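The values are calculated or read from the model by the stated rules, or taken from the named source; none is laboratory data. Predicted, not measured: the structure shown is a model, and the values here were computed from it. Neighbour counts are summed over all protein chains in view; Cβ atoms, including those assigned to glycine, are modelled from backbone coordinates with ideal geometry.
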Amino acid sequence: MRMLDGGQLGGLVADALASHANATESRVQSSESRGRGDPDRWLESAPGGQVLNDFVSSVDMAGALHALTGVDWTPAGPGSWSYYRSEGHHLGIHRDVAVCDLAVITCVLDEGRSGMSGLLRVWPTRSRATPDELRRSAHGHVDLHVSAGDTVVLLGGLLPHCVLPLTVGHLRIVAPICYQPRALATESRALSR
């Protein structure tokens, strides 16, 4: 899905590049399932700036997500950037954390891709399979090339997915944003008071 015009994409690229000064590397190596939201991984991430947070909470985003799903959504937290910059950077098979009912992944930079490098792999027909089962038998997947300016929306808490390892010379920057139904978010805030 294309949600960005050239000016918006340029603003998000500038936000991502400026935010990289605060990036930290995350490297977790394990072949075991540890539950939702904690896959093996090697990438860099950083909190997003104001441009990303404005995009995440915009009326346009809320309207697009409602049009796709018929549900009113709210961001589960502030925006962040994921940087895949080195050969082998990846995000292992997982389902998203509990507050990430809807995952919205926007790619702002994708340079030097070849072959399977950095593809988003989703298993739409194997929602009940564990990550270990998918590692042993990966049939039923769909590979998506998410280009700069593209946004993918998926039920991240239900559908297992991963980002395949990068090859040499490939650079990808994405904003993986979690949303939850507005009614649930309102209810959660009321209960925490």
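Would you confirm whether or not the stretch 109-118 contains a residue that is within 12 Å of the chain's Cα centre (by Cα), part of a strand (DSSP E or B) and surrounded by 19 or more Cβ atoms within 10 Å (Cβ to Cβ)?
No: zero hits.
Enumerate the pairs (first residue in the stretch 58-76 and free of Cβ contacts under 8 Å to residues at least 60 places away in the same chain and surrounded by 13 or more Cβ atoms within 10 Å (Cβ to Cβ); second residue anywhere and assigned to a helix (DSSP H, G or I) and of a type in the set (A, V, I, L, M, F, W, C)) with beta-carbon separation below 7 Å, excluding pairs fewer than 6 apart on the same chain, so at least 6 apart or on different chains.
Once the first residue is free of Cβ contacts under 8 Å to residues at least 60 places away in the same chain and surrounded by 13 or more Cβ atoms within 10 Å (Cβ to Cβ) and sits in the stretch 58-76, its partners that are assigned to a helix (DSSP H, G or I) and of a type in the set (A, V, I, L, M, F, W, C) give Met61/Phe55.
Taking the stretch 85-108 as the region of interest, how many residues are assigned to a strand (DSSP E or B) and either without any contact (Cβ under 8 Å) to a residue 60 or more places away in the chain or over 15 Å from Val152 (Cβ atoms) (or both)? Lay out the reasoning, then the answer.
Taking the stretch 85-108 and keeping what is assigned to a strand (DSSP E or B), we get 90-94, 102-108.
Adding the requirement that they be either without any contact (Cβ under 8 Å) to a residue 60 or more places away in the chain or over 15 Å from Val152 (Cβ atoms) (or both) leaves 90, 92-94.
Residues meeting the conditions: 4.
Would you mind stating whether Asp132 is at pLDDT 90 or above and either part of a strand (DSSP E or B) or of a type outside the set (Phe, Trp, Tyr) (or both)?
no
Among the numbered criteria (1) at pLDDT below 95; (2) aliphatic (A, V, I, L, M); (3) more than 28 Å from Gly49 (Cβ to Cβ), which single criterion is violated by Val142?
(1)
Mind listing just one residue for me: the one in the stretch 119-129 that is part of a loop (DSSP other than H, G, I, E, B) and free of Cβ contacts under 8 Å to residues at least 40 places away in the same chain and, of those, farthest from His170 (Cα to Cα)?
Arg128
Does Val146 satisfy the criteria of being closer than 28 Å to Gly6 by Cα and without any contact (Cβ under 8 Å) to a residue 60 or more places away in the chain?
yes
State whether the residues of the stretch 134-147 include one that is surrounded by fewer than 20 Cβ atoms within 10 Å (Cβ to Cβ) and within 19 Å of His20 (Cα to Cα).
No, the stretch 134-147 contains no residue that is surrounded by fewer than 20 Cβ atoms within 10 Å (Cβ to Cβ) and within 19 Å of His20 (Cα to Cα).
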